[in-house]
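Working notes for the structure below.
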Amino acid sequence: MKRFFLTTAIDYVNSRPHLGTAYEKVCADVIARYKRLRGFDVRFLMGNDEHSQNVFKKAAEQGLDPLAYCDQMEQEFRRTWRRLDVSFDDFIRTTEPRHRAGVTDITNRIHAAGDIYEGVYEGWYCVSCEEFKQEKDLVNGNCPLHPTLKPEWIKEKNYFFRLSKYQQPLLDHFAAHPEFLQPDARRNEILRLIEGGLVDISVSRAGQSWGIPLPFDPGSVVYVWFDALINYASAVGLGGDQAEFERWWPADLHVVGKDITRFHAVIWPAMLMSAKLPLPRHVFGHGFMTMNGQRMSKTLGTIIDPIVAADRLGHDPLRLYLVKEVSFGGDGDFSWERYDERYNVDLANNLGNLVSRVTSMAGRYRQGRLTSTAAGSDRLARLADTVCADYARTMDAFALHEGAAAAYRLIDATNEYIASTAPWTLAKDPASADRLTQVLFDAAEAIRLAAVLLEPIMPTSSREILRRVGASPDALLFERDGRWRTDGERVLLQEGSLWPRVGADHRAANRVGADPRVGPTKELTTVSDNPLPPDGASPGAHPAPAAAAPSTAPSTSAPGTAPSTPAPSTSAPGGAPSTPALAAERISIDDFMKVELRVAKVLTAERVPKSNRLLKLSVDVGTEQRTLVAGIAEAYEPEALVGKTVVIVFNLKPAKLMGVESNGMVLAASPDGGKPTVVSFETPPPPGTRVR
Ligand code: MSP
């Protein structure tokens, strides 16, 4: 089996994880899961960088022994990564004995190669960066990354690593392996830096107790960066289990931020060259997450706790946002508004709705059993082929956002397919029975493929979707040769086509909402009938009741606005007097304006159990999502309403109908004895628009 060893940067533990550090872990996790999907034996390493002076200081501030402080922080980090469903196989801490063994081993090798010499360092040091700074690096005398912190001037005995010696070997390596450092922008930047000349670097600190003693001068400790980089090799056995080391080294990929790419693409490979060890195959320097365009910083109040973000909508929606909204390699921005918006569009509307509609129709019309009856949709099948190829190509190139976009192309096309084939209309015509089965089969198959492609990004939701379309999550594999493999029942790749052969079937596609295993967790709202509104967007404007059926306008006026005398009667066209009753009930414009009518878009629709008349709708009213109940089930199939733009009474008090709370009323005209027709538009205005 092919192996894939990937790593993230190991985090400083002087503060808790934030969305920026989490971004890196989620992206690396998507790559790890993608590789597993492709049949690789994956080893995904993460960890904590503990020998920093800041950590030492932080522990002292809290009156803790540094190791005890690091133990506590490890729990914090692990809790965060668990919450985000990050599937690391190994977690290393630089205070572990296995790491010390690796550091000792590699430092001795470099020393033996004659690449470490003793000297004196006199110059600036930024404790926050844990970096020796040259005068030219400073801005107004301060570190550009930590402008409020004056760097320290230090003069101490240091051991130096002959980095300068590796300038040409590094340039040669970059030339021979253009894929070594990605993306291109990062590669060009680092190449310029190497071409500009490399100076030898300090690899030890004097007079400090917190760190790994230098093997050949235990009075000094190894400089924290020199120490930290070695974690990647010590985690897989360097200086300990040689067989294990040979099995996994060199690493296939280091995923690190752009601020520390230099350490990974210049210093680390030079250290390995000196130690005569193979170099990692790829380093990927990702961009930075900002919040509302600002750098994530505690002082600016722009730090986002990834747990809070995951709790708001679920870990899968957060992961999807981070991967789909940011081009991997570039910088990306996070805002709560955009996060909510993307959730509604990508998850509630596009994916959640599609799964809900298709599985509920499969249940209602075909008892959850769909057998392929004909050749199926050529267009969808062809698109699926292209999408899967694009997905594999872009994911292999670490263009994660493009992989996500490819999967979404299939979802969009399936939504269009459902809209254009209108299965609810086919269901009314017995002559279209086969066609209906095939349409639902095709849609379910497209959903299954999309769920497979999205699994690395949204593991929980994808598995739930697969279950709902009757596919086993174990069907989630590409063949090792890069082709899709059979899941035991269906051949997924035949003669260049992914589409299952005639006679293949989907089972259990009727489970939606009826399965006790479907819990109320937010992950599953992505595939539920009625996605939860985002926490922050819960009704700020008062919910209003929906009526089971459209009701008439209020017959009494509110105090203070009721006309004391009947409004003057007007003449109907043709001069006939209007009826006295009508004239007497006329209301003022103020009365009318009290009724807040708004445009709403139907997101989901389903029957209210045990009722022939009621439909439960979730609608987008621009500022929020609402659930309402409407008495229009006899006139409308639920699926036919999804996507429709209607008018609702926005400010009615909530009311419970057959146990479902309704928060608004859909306007509809009900001719005597006839079925209601909902009020709609020729050109739908955006949800939330006031109607008057
Ligand atoms: N301890 C060093 C790494 C040593 S690796 C041998 C370190 N730690 S860190 O905690 O400061 O950063 C950990 C990772 O998070 C780094 O790759 C860093 O680039 C990344 N990020 C920190 N802030 C970030 C954003 N705002 N956005 C994206 N990634 C960010 O550096």
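The values are calculated or read from the model by the stated rules, or taken from the named source; none is laboratory data. What you see is a predicted model; the values in this text were computed from it and never measured. Virtual Cβ from ideal backbone geometry, glycine too; neighbours counted across all protein chains shown.
Residue under question is Phe284, and the condition is that it be within 23 Å of Glu131 (Cα to Cα) and out of contact with any His (no Cβ under 9 Å at 6 or more places or on another chain); does it hold?
no
Return yes or no: is Leu426 over 21 Å from Leu347 (Cβ atoms), modelled with pLDDT of 95 or more and not acidic (Asp, Glu)?
yes
Of all the helices (runs of 4 or more DSSP H) wholly in segment 46-139, which have at least 2 residues that are hydrophobic (A, V, I, L, M, F, W, C), over 27 Å from Glu156 (Cα atoms) and at pLDDT 95 or above?
Qualifying helices (runs of 4 or more DSSP H): 66-83.
Under the condition of being more than 16 Å from the ligand (Cβ to nearest atom) and modelled with pLDDT under 95, which residue from segment 205-215 is farthest from Cys126 (Cα to Cα)?
By that ranking, first place goes to Ser209.
Please enumerate the residues belonging to segment 340-375 that are surrounded by fewer than 21 Cβ atoms within 10 Å (Cβ to Cβ) and either touching an Asp or Glu at 6+ places or on another chain (Cβ under 6 Å) or free of Cβ contacts under 8 Å to residues at least 40 places away in the same chain (or both).
Glu341, Arg342, Val345, Thr371, Thr373
What tally of residues in segment 32-45 results from selecting those that are part of a helix (DSSP H, G or I) and not small (Gly, Ala, Ser)?
Selection size over segment 32-45: 5.
What do you reckon, is Leu6 within 16 Å of the ligand (Cβ to nearest atom) and closer than 26 Å to Val103 by Cα?
When the stated conditions are applied, Leu6 passes them.
Looking at Lys57, Lys35, which one is more than 18 Å from Tyr232 (Cβ to Cβ) and away from the ligand (no atom under 14 Å from the Cβ)?
Unique residue meeting the criteria: Lys57.
Do any helices (runs of 4 or more DSSP H) lying entirely in segment 376-442 carry at least 2 residues that are buried (at least 22 other Cβ atoms within 10 Å of the Cβ), and which ones are they?
Correct list: 378-396, 400-421.
Could you check how many residues of segment 315-348 are within 12 Å of the ligand (Cβ to nearest atom) and of a type in the set (A, V, I, L, M, F, W, C)?
Here the count works out to 4.
Results for (1) of a type outside the set (Val, Ile, Thr); (2) more than 10 Å from the ligand (Cβ to nearest atom); (3) free of Cβ contacts under 8 Å to residues at least 40 places away in the same chain; (4) surrounded by 16 or more Cβ atoms within 10 Å (Cβ to Cβ), shown as yes or no for each residue.
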{"site": "Arg262", "(1), (2), (3), (4)": "yes, yes, no, yes"}
{"site": "Ala265", "(1), (2), (3), (4)": "yes, yes, no, yes"}
{"site": "Ala275", "(1), (2), (3), (4)": "yes, yes, no, yes"}
{"site": "Leu279", "(1), (2), (3), (4)": "yes, yes, no, yes"}
{"site": "Gly287", "(1), (2), (3), (4)": "yes, no, no, yes"}
{"site": "Arg295", "(1), (2), (3), (4)": "yes, no, yes, no"}
{"site": "Thr302", "(1), (2), (3), (4)": "no, no, yes, yes"}
{"site": "Leu313", "(1), (2), (3), (4)": "yes, yes, no, yes"}
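Of the residues that make up segment 658-679, is at least one part of a loop (DSSP other than H, G, I, E, B), more than 33 Å from the chain's Cα centre (by Cα) and among the β-branched types (Val, Ile, Thr)?
Yes, segment 658-679 contains at least one residue that is part of a loop (DSSP other than H, G, I, E, B), more than 33 Å from the chain's Cα centre (by Cα) and among the β-branched types (Val, Ile, Thr).
Given the criteria crowded, with 16+ Cβ neighbours inside 10 Å and either away from the ligand (no atom under 16 Å from the Cβ) or under 36 Å from the mean Cα position of the chain (by Cα) (or both), does Asn231 qualify?
yes
Quick one: how many residues across segment 155-206 are surrounded by 12 or more Cβ atoms within 10 Å (Cβ to Cβ), among the charged types (D, E, K, R) and assigned to a helix (DSSP H, G or I)?
5
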